[in-house]
Amino acid sequence: MLDVKRIRQDFPILKKGIIYFDNAASSLTPEPVIEKMLEFYREYRANVGRGVHRLAQAASEEFEAARRRIARFINADSPLEVIMTRNATEGINIIANGLKWSGGDKVVTTLIEHHSNFIVWLRAKKKYGVEIEVVKPTESFEKGLFKISDFEKAIDDKTKLVSITHVSNVLGVVLPVREIAEISHEHGALVLVDGAQSVPHMKIDVQDLNCDFLAFSGHKMCGPTGSGALYMREEHMSSVEPLCIGGGTIADVGVDYYELEEGPSRFEAGTPAIGDVIGLGAAVEYLESVGMENISKHEDELTRRIYSGLTSIDDVEVYGPEPGRKSGITSFNIRGLNPHDVAMALDSMANIMVRSGHHCALPTTKELIRRQGSVRASVYLYNTIEETEQFILAVEKLAKNAGG
């Protein structure tokens, strides 16, 4: 069980008296992460890599220690399978532009993807001539629930890559990645998982998921903005072309040739965001100290209260499946009100921070929600049951006022 009262003391921004329910967009940052980043800038602010002086050595050790922590956090076989990126979007783009495509290759994705795992494939269609198959949910279309047969029908021997979200950033739906990966590998297809909404909230084991690639962002998991990682099975490292090359990526260069490094450094061109990577390592350490299973259980309790409260209010439409089949994301609308107006009202009248709009998922919004957008409440380890009660009361008040 979480000691939420103690955890909240680690997040200085909560002293403002806000209720922060915008965690699916970006989480708050705890003091230990802030302090670790300040330590870098105060104590060993130097470049990483080949420097031999003591500051460079200290910075390099902390940078690689962060990589090791991240590898352990997702149960990668080796730190050499962890590429440091700016965010999940960059990780997905590395794969989209780095695989060797041939005309007729097929990419399978879903209707509930974030734009970062959708428009890259539309561009790949134009750029490389790949075919795209978008899997739509058939168990419950409106709730975004898939049957495994939906993927069995879509994935075939032409499929080169299956690129799917682990958790929908709008509906909270959790996809059965392990089963989808098994089907994919039977057809010789690779599997890329967008873990932006899963890695911060549940225990992730890439061995168990059996994915080839997993991309996620640091800013959604108590880390700094501009930080993230891409897990890539070591066997694929040499066959994926880097998105960017230059300093730090090469093993040898002549006047008419170059040879890239092996391992993650071939994808990490130029000076990285060293302080941010170290901060992400500290964020992972912080989450591990709390326990991912504890975080998941706590979020489930909060989400069940939010779901039961919202579904009991007249004129409130709640999207996605029931708790137990979803993450800590709950999207909704109040009939007769624009979602942006609802979000602004919650902020001004109750100090509640939520997201509003299409959440970078227009296909989901257009086909499943069928509104111009929605209001999204998303919880994390520092949120409380008392906050969910205040949130429900505030939504109920807005709904009553909207109904006249």
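Things worth noting here:
- Unit charges on C-beta of K, R, D, E only; dipole of the stretch 291-402, Debye: 380
- Residue order, fewest to most surrounding Cβ atoms within 10 angstrom, among CYS244, CYS211: CYS244, CYS211
- In this rough spin-label picture, where each label sits 7 Å from Cα along the Cβ direction, the ILE245-LYS397 distance is 6.0 nm.
- Charge dipole of the chain about the Cα centre (unit charges at C-beta), most positive-ward option of PRO272, PHE73, HIS219: HIS219
- If R0 equals 56 Å, the separation of the Cβ atoms of LYS16 and ILE119 corresponds to a calculated FRET efficiency of about 0.95.
- Cα centroid separation, the stretch 190-263 to the stretch 155-182 (Å): 18
- Summing charges over neighbours of GLU386, with a neighbour being any other residue whose Cβ is under 12 Å away from its Cβ, gives +1 when K and R count +1 and D and E count -1.
- Ranked list, fewest to most other Cβ atoms within 10 Å of each Cβ, for VAL170, VAL107: VAL107, VAL170
- Given charges at beta-carbon only (K, R positive; D, E negative), |dipole| of the chain in Debye: 1100
- Cβ-based net charge around GLY357, under 11 Å, with every Lys or Arg adding one and every Asp or Glu removing one: +3
- Straight-distance candidates among the aspartates and glutamates for linking to LYS366, with alpha-carbon spacing under 15 Å and chain neighbours fewer than 8 residues away dropped: GLU113, GLU142.
- When the C-alpha to C-alpha distance is required to be over 29 Å, the pairs from LYS136/LYS160; LYS100/LYS220; LYS127/LYS203; LYS136/LYS326; LYS5/LYS400; LYS125/LYS147 that qualify are LYS100/LYS220; LYS127/LYS203; LYS5/LYS400.
- The loop-placed trypsin sites (Lys or Arg not before Pro) in the stretch 82-176, going by DSSP, that have at most 10 neighbouring Cβ atoms within 10 Å of their Cβ come out as LYS100.
- Cβ-derived FRET efficiency at R0 41 Å, MET353 paired with LEU80, nearest 0.05: 0.60
- Residue order, fewest to most surrounding Cβ atoms within 10 angstrom, among SER163, SER331: SER163, SER331
- Extension gain from GLN390 to ASP3, taking 0.36 nm per residue of separation minus the Cα-Cα distance: 137.3 nm
- Bridging of LYS36 to aspartates and glutamates at a Cα separation below 13 Å is possible for GLU62, ASP276, GLU285, once same-chain residues fewer than 8 apart are set aside.
- Listed by chain and number, the aspartates and glutamates placed with their C-alpha closer than 13 angstrom to that of LYS143 are GLU317, GLU322, GLU367; residues fewer than eight positions away on the same chain are left out.
Computed from the coordinates by the stated procedures, all read-outs in this text should not be read as laboratory data. Just so you know, these numbers come straight off a predicted model, no measurement behind them. Every residue, glycine as well, gets a Cβ built from its backbone with ideal geometry; the counts of neighbours run over all protein chains shown.
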